[in-house]
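Engineer: Handing you a structure now.
The values are calculated or read from the model by the stated rules, or taken from the named source; none is laboratory data. Keep in mind that what you see is a predicted model, and the values were worked out from it rather than measured. Positions of Cβ are backbone-derived with ideal geometry, glycine not excepted, and every protein chain shown enters the neighbour counts. These area figures cover heavy atoms from the full protein model, side chains too; ligands, DNA and RNA do not enter into them. Shrake-Rupley method; radii C 1.70, N 1.55, O 1.52, S 1.80 Å.
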Protein chains: 4
Amino acid sequence: MKNESLRNFAHIPMQSVGPFKLIGEVETDDLMVPMATYETPLWPSVARGARVTHHAGGIRVTVIDERMTRSVLLEAPNASVALQRFQALKADQAALQAVVSETSQYAKLLDLNVQIVGNLIYLRLEFSTGDASGHNMVTNAADKLIPWILETYPDLNYVSISGNYCTDKKVSAVNGILGRGKNVVCETTIPRKLCQRFLKTTPEAIVDLHIKKDLIGSIVSGGLRTANAHVANMLLGFYLATGQDAANIVEGSQSINHVEVNANGDLYFSTTLPNLIVGTVGNGKGLDFVLDNLEQLGCADQTAKPGQNSRRLACIAGATALCGELSLLAAQTNPGELMSAHLKLERQNASS
Amino acid sequence: MKNESLRNFAHIPMQSVGPFKLIGEVETDDLMVPMATYETPLWPSVARGARVTHHAGGIRVTVIDERMTRSVLLEAPNASVALQRFQALKADQAALQAVVSETSQYAKLLDLNVQIVGNLIYLRLEFSTGDASGHNMVTNAADKLIPWILETYPDLNYVSISGNYCTDKKVSAVNGILGRGKNVVCETTIPRKLCQRFLKTTPEAIVDLHIKKDLIGSIVSGGLRTANAHVANMLLGFYLATGQDAANIVEGSQSINHVEVNANGDLYFSTTLPNLIVGTVGNGKGLDFVLDNLEQLGCADQTAKPGQNSRRLACIAGATALCGELSLLAAQTNPGELMSAHLKLERQNASS
Amino acid sequence: MKNESLRNFAHIPMQSVGPFKLIGEVETDDLMVPMATYETPLWPSVARGARVTHHAGGIRVTVIDERMTRSVLLEAPNASVALQRFQALKADQAALQAVVSETSQYAKLLDLNVQIVGNLIYLRLEFSTGDASGHNMVTNAADKLIPWILETYPDLNYVSISGNYCTDKKVSAVNGILGRGKNVVCETTIPRKLCQRFLKTTPEAIVDLHIKKDLIGSIVSGGLRTANAHVANMLLGFYLATGQDAANIVEGSQSINHVEVNANGDLYFSTTLPNLIVGTVGNGKGLDFVLDNLEQLGCADQTAKPGQNSRRLACIAGATALCGELSLLAAQTNPGELMSAHLKLERQNASS
Amino acid sequence: MKNESLRNFAHIPMQSVGPFKLIGEVETDDLMVPMATYETPLWPSVARGARVTHHAGGIRVTVIDERMTRSVLLEAPNASVALQRFQALKADQAALQAVVSETSQYAKLLDLNVQIVGNLIYLRLEFSTGDASGHNMVTNAADKLIPWILETYPDLNYVSISGNYCTDKKVSAVNGILGRGKNVVCETTIPRKLCQRFLKTTPEAIVDLHIKKDLIGSIVSGGLRTANAHVANMLLGFYLATGQDAANIVEGSQSINHVEVNANGDLYFSTTLPNLIVGTVGNGKGLDFVLDNLEQLGCADQTAKPGQNSRRLACIAGATALCGELSLLAAQTNPGELMSAHLKLERQNASS
């Protein structure tokens, strides 16, 4: 029995941390957030961020945008024909939506975007996908749209159902600029005193580190639309605990902190996550512990409108990322603190 | 009991696929590779890649380089002093190694690299770290080096133990250009007949798709040192099954396929993974199922020289990625195949 | 007199090369294109490209898009307010256009785009600007829009008239993805025999080099939306000769070749230039030699509709770039040819 | 006569601005810097920067590094052979230098770097090139090295004399990380009072704008190793006036400002230009006005050691860029100033 389980599942250590206080698009003050990870020092670090933001009045969450995309790749006789075909498709989205509607009641075509390279057409289809992250929904829609397009415009040829201009699980600029997944902004203001009491540092020290590490450091590393310390860690833990397709942390990691000392001398700290690809239905969501976790997070509300559960989930994911960012940056302002915290935790784990 | 387990672990579906045949740096022909993922259609897809490459004579694996890095961030009075201090440190690596040696018997300083921006010094320390992926080992080494540097050069100031020029779990160009983790190249040559038999396509069709999707598609998406279809998926599954810090799939996803039809009309297919951050000891490796998996992969050999187990692990990770790439690209050359394969698998899962 | 001229002007060597044959958006077969450059071997190289494409039936030019942008940078109390203000502005473009109309009869607001980072609003304003490249026109429009916006939404604050999300004369992904300047595709098909006769090489050799150099080489260099050999050279020469703001070759250099052997065994060669920032009126256009050159190119047609002269100019710029790309790639397929051509030209210049 | 000149040269308006005061690697306080450009408002803007930095004690210039590169592209039977061949070449640089020495007395091989992608070898050769920018010198060296390498290692094949991993006149990360051209840091400290007097703004306002525009704005635009306002403008003007290959402003534009308020409340302002490709001999340097300008800048010193004239030139180029950055950022802190300055200058020009 145990062997069976050993063979059929990877058991990733999981713990809930919090409580989190969120305001704005989600209002709650007692949320315990589950994270599954091999890097268990992450739990107390995020918990510290949750604690200080809770005392500070919470984390304001705002969903800027949401959409899921698939870019089909077609070929025209030349660029001039490519342009004409794109313009015709753009002008006739109702016909495309009619095809899409046959594939899912949730998939709604939002818009088309294109890159024409020589005679190649990278046609980026943007959809709303209800509470699903939508990978399969948009692939299915594209799968039906392609034959329709090829029949309607016989001078076009099929190259691929995905031309990497979508783009899924690969670093890009297109996802941040045109949108893919939920675009969530998380903001908090930490009074100077709480900064000292919980984070053992000052607003000025955090801002200074943020500028030199998150901003300039990422720029010299040849980063791309990335300005954070370790957002990927928090997203991985959150995604595994909630049944997400965790390879999407690749684009999720392209998040941007903006931090400053405000007019009152307090710390304004924000994390903007333009590419949070999450859902509350679909692959992975049927597992018992995932269902438990979604329920714990209030994201399994059967009475909610389509999309509401997954937007809530995205906001919580973003707030979790912010807490981890705030806590790590605070730690790194103090020489030696990061390593001694790690060593202390490892000794505790070893002795427990 | 079940509740306890439900609360303390995320149970990710896991399956071993194969057998894989590897040649070159690793020689084996019966390797079953475990992958843990919510996206279970990945298993048969990778298995198909393993099958065809096995018949074709295997996958040649080559380790180009290995190193782990941490970039400390210091501040000088001006750029001229910054340069002089860097030159002095570069010339006195023996002194630095003496400090490093106190922190670990495995950590060896390989080289220093720098970016000077105004008066800021992004000092990138490169280490070999034995069989550990080395995150903690290099942080620990940096933690001891910083006070030594600040005492030796009192005109320098501490800014951060990590200046994001390392860079960990964030997209960058520096990791690919200067190296971080194992740099592994995987290559295979698939005879035209096997291409048809196992992949239902031709070498020409795969090459054509690869150029327009992996290369041009990634370029127009604003990608960075990325030319693949879904390497992140295979790495995630492999990393979770083998106890790795899976957030490192962010840089792992920056992998590059190179594919062509060779002089015999056969398919040369390669996947180059410059940033495979893996280890066979350290966090996550003590869990029972992880130990089982490492043993199954031949990566828990107690008689091996330091570093050999983890290099083997990196080669297997790379080969797994190649198989998934080959299989998905082949599928996408055939309109409709991708979606119908997904639907078929989901029906099977539903009925099982 | 000579001293005066020496002090007041830099005299850059200039020559006209051709004749060029263009088809599609521009139809001509006797166009001589002026290029000003210190790198005079460029002239015979581009001329060779013009010659072979002329014999091959010409270069098809297509304008995919045109717009000029300026991104103002504003600050809101928080992200939620930022989003609401953006949505209001987006919904009321007629009011914005009314303000814009006071600044120029040519400036037309096409659309708004935004990035919200924390509480920051990077508002990208897109305009059509007639025959001007439009740098000043959009700055002027933004300069008038800002006070209007701040009065209409008193909870917003001014940060900058340009927030670098425009973006001018700096490498970016946004210009290629959302558009800035003219987006021009140039295509030609060179019969195999002409390839051999004029370029001393084969279609296969050029395609092979293109893939390994333009595509993979640019990717490993950490390039961004760039896949060419030396587009910057041709644009610089063309921009100086036609009075353009030549610092815009920075984004102009982010051009993408797509090359393949077609079904007939001939060479399909295309250069896509998504960010050609050119104009036929404005700064630099009043100089005598510039006027002469614009006239020579047919881009000073007083009877043309607004925008037509500058679209023609963009097409010619793109065709010139294609010819230089084709010629250099052909040369590099032959070991030693590049250097011996350079040496020969330099000897000629020395003896002349 | 005039017609001849009209046909054979582009006459770009040129003016000298200053005086500049430089300290550190170059010591001078009366340097007048020539700039050729169609965008003549650039002159008074740079002049303002020169004026305030002169009063503030000058601009400290530091050359961090200098090298010129060419990446040849070769093909091996597989990655394992590729690695062995690279290791052999790396271990035998004396033999390579012997070949290089036959091509130029100035070209010295500094180091080799490689990217191995599948079986492809992108071999980046780094040279010092005396006072030449070195484009031709390194191409010539590579041209001689290739046959030597192919004879020594008969299992390697030629692909290209340039594999785009050099990389010349294209955006990249490799040039900044591994170095190409002169890497120059320019720094100045402007007392608060001078900031107000000459720039009509405060240190805090400039820092705030710099962070939101240069840093965050460039990041959201999908920039790459770029954090400035308009470095390309100053480099273009300087390059044209001094006979440089101005297409190299593409990589030159990838410069990074670092700005902060120091402990005294004064403004620390720095511009780091990692890729200044300049020379004082070679193409373009023989023209009369170029010789005059190089002499005016003190960069035609026949008694100087090899490389010294071009290092001086690079420092002056960097200082010129800093002045333009400082002046424009200051202007943009004041709503309306940028546009009104432009309009005023244009009225002056129109009436003059």
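Engineer: List every residue pair whose Cβ atoms sit under 8 Å apart, with the two residues 6 or more apart in sequence or on different chains, where the first one lies in the range C:92-109 and is closer than 24 Å to C:G282 by Cβ and the second, anywhere, is acidic (D, E).
Structural biologist: Note: pairs meeting the criteria are C:T103/C:D143; C:Y106/C:D131; C:L109/C:E126.
Engineer: Continuing with this model, one more query. With respect to B:L74, is the statement that it is part of a strand (DSSP E or B) and within 26 Å of the chain's Cα centre (by Cα) true?
Structural biologist: no
Engineer: Among the numbered criteria (1) of a type outside the set (V, I, T); (2) farther than 29 Å from C:A341 by Cβ; (3) surrounded by fewer than 19 Cβ atoms within 10 Å (Cβ to Cβ); (4) touching a residue at least 24 places away in the same chain (Cβ under 8 Å), which single criterion is violated by C:S16?
Structural biologist: Only one criterion is unmet by C:S16, namely (2).
Engineer: Mind checking which residues of the range D:82-91 are basic (K, R) and without any contact (Cβ under 8 Å) to a residue 60 or more places away in the chain?
Structural biologist: Passing the criteria: only D:K90.
Engineer: Then there's this: Would you check which residues across the range C:165-201 are away from chain D (no Cβ under 14 Å) and of a type in the set (D, E, K, R) and list them?
Structural biologist: C:K182, C:E187, C:R192, C:K193, C:R197, C:K200
Engineer: Can you find a residue in the range B:176-192 that is closer than 30 Å to C:E204 by Cβ and among the polar types (S, T, N, Q)?
Structural biologist: Yes, some residue in the range B:176-192 is closer than 30 Å to C:E204 by Cβ and among the polar types (S, T, N, Q).
Engineer: Go through (1) closer than 28 Å to A:N248 by Cα; (2) touching an Asp or Glu at 6+ places or on another chain (Cβ under 8 Å); (3) among the β-branched types (V, I, T) one by one and return the number of the condition A:I190 breaks.
Structural biologist: A:I190 satisfies all of (1) closer than 28 Å to A:N248 by Cα; (2) touching an Asp or Glu at 6+ places or on another chain (Cβ under 8 Å); (3) among the β-branched types (V, I, T) except (1).
Engineer: Return yes or no: is C:G243 at the interface with chain D (Cβ under 9 Å from one of its Cβ atoms) and under 30 Å from C:N293 (Cα atoms)?
Structural biologist: yes
Engineer: Would you pick out the residues in the range B:114-136 that are within 11 Å of another protein chain (Cβ to nearest Cβ) and of a type in the set (A, V, I, L, M, F, W, C)?
Structural biologist: B:V114, B:I116, B:V117, B:L120, B:I121
Engineer: Count, please, the residues in the range C:202-218 that happen to be open to solvent by 10 Å² or more (accessible area, probe 1.4 Å) and in a helix (DSSP H, G or I).
Structural biologist: Qualifying residue count, the range C:202-218: 5.
Engineer: With the structure loaded, tell me whether C:M32 is open to solvent by 50 Å² or more (accessible area, probe 1.4 Å), within 22 Å of the chain's Cα centre (by Cα) and within 14 Å of chain D (Cβ to nearest Cβ) or whether it fails that test.
Structural biologist: So C:M32 passes the test.
Engineer: Under 22 Å from A:L236 (Cβ atoms), open to solvent by less than 20 Å² (accessible area, probe 1.4 Å) and part of a strand (DSSP E or B), is that true of A:V26?
Structural biologist: No; evaluated as a whole, the condition is false for this residue.
Engineer: Same structure again: Determine the pairs where a residue that is in the same structural domain as A:A232 (by TED's automatic domain parsing), located within the range A:325-352, has a partner that is at pLDDT below 75 and surrounded by 12 or more Cβ atoms within 10 Å (Cβ to Cβ) with Cβ atoms under 9 Å apart, the partner being 6 or more residues away or on another chain.
Structural biologist: Pairs that qualify, where the first residue is in the same structural domain as A:A232 (by TED's automatic domain parsing) and the partner is at pLDDT below 75 and surrounded by 12 or more Cβ atoms within 10 Å (Cβ to Cβ), are A:L328/A:L338; A:A331/A:L338; A:A331/A:A341; A:Q332/A:L338.
Engineer: While we're on this one: Can you pull out every residue in the range C:151-164 that is open to solvent by 10 Å² or more (accessible area, probe 1.4 Å), touching a helix residue (DSSP H, G or I) at 6+ places or on another chain (Cβ under 7 Å) and more than 7 Å from chain D (Cβ to nearest Cβ)?
Structural biologist: Result: C:Y153, C:D155.
Engineer: Only one residue in C:A247, C:A227 is assigned by TED's automatic domain parsing to the domain that holds C:A330, out of contact with any strand residue (DSSP E or B) (no Cβ under 7 Å at 6 or more places or on another chain) and open to solvent by less than 10 Å² (accessible area, probe 1.4 Å), so which one is that?
Structural biologist: Selected residue: C:A247, the only one of C:A247, C:A227 that is assigned by TED's automatic domain parsing to the domain that holds C:A330, out of contact with any strand residue (DSSP E or B) (no Cβ under 7 Å at 6 or more places or on another chain) and open to solvent by less than 10 Å² (accessible area, probe 1.4 Å).
Engineer: With the requirement that a residue be over 21 Å from B:R312 (Cα atoms) and open to solvent by less than 20 Å² (accessible area, probe 1.4 Å), what does the range B:42-54 give you?
Structural biologist: Scanning the range B:42-54 gives B:L42, B:V52.
Engineer: Please pick out the residue among D:G265, D:G298, D:G286 that is in a loop (DSSP other than H, G, I, E, B), open to solvent by less than 20 Å² (accessible area, probe 1.4 Å) and not basic (K, R).
Structural biologist: Going through D:G265, D:G298, D:G286 in turn, just one is in a loop (DSSP other than H, G, I, E, B), open to solvent by less than 20 Å² (accessible area, probe 1.4 Å) and not basic (K, R): D:G265.
Engineer: Does any residue of the range A:251-261 turn out to be more than 7 Å from every other protein chain (Cβ to nearest Cβ) and surrounded by fewer than 24 Cβ atoms within 10 Å (Cβ to Cβ)?
Structural biologist: Within the range A:251-261, one or more residues are more than 7 Å from every other protein chain (Cβ to nearest Cβ) and surrounded by fewer than 24 Cβ atoms within 10 Å (Cβ to Cβ).
Engineer: Right, another one. I'm trying to understand the selection: among the residues of the range D:62-77, which are surrounded by 20 or more Cβ atoms within 10 Å (Cβ to Cβ) and more than 30 Å from B:N119 (Cβ to Cβ)?
Structural biologist: Across the range D:62-77, the qualifying residues are D:R70, D:S71, D:V72, D:L73, D:L74, D:A76.
Engineer: Looking at (1) of a type outside the set (G, A, S); (2) more than 23 Å from B:G252 (Cβ to Cβ); (3) buried (at least 19 other Cβ atoms within 10 Å of the Cβ), which is the one condition that is false for B:Q93?
Structural biologist: (3)
Engineer: Looking at (1) facing chain A (nearest Cβ under 8 Å); (2) over 28 Å from B:H258 (Cβ atoms); (3) not hydroxyl-bearing (S, T, Y), find the lone condition where B:W148 falls short.
Structural biologist: All conditions are met except number (1).
Engineer: A further question follows. Is it the case that some residue within the range A:35-43 is small (G, A, S), in a helix (DSSP H, G or I) and within 10 Å of chain B (Cβ to nearest Cβ)?
Structural biologist: Within the range A:35-43, none of the residues are small (G, A, S), in a helix (DSSP H, G or I) and within 10 Å of chain B (Cβ to nearest Cβ).
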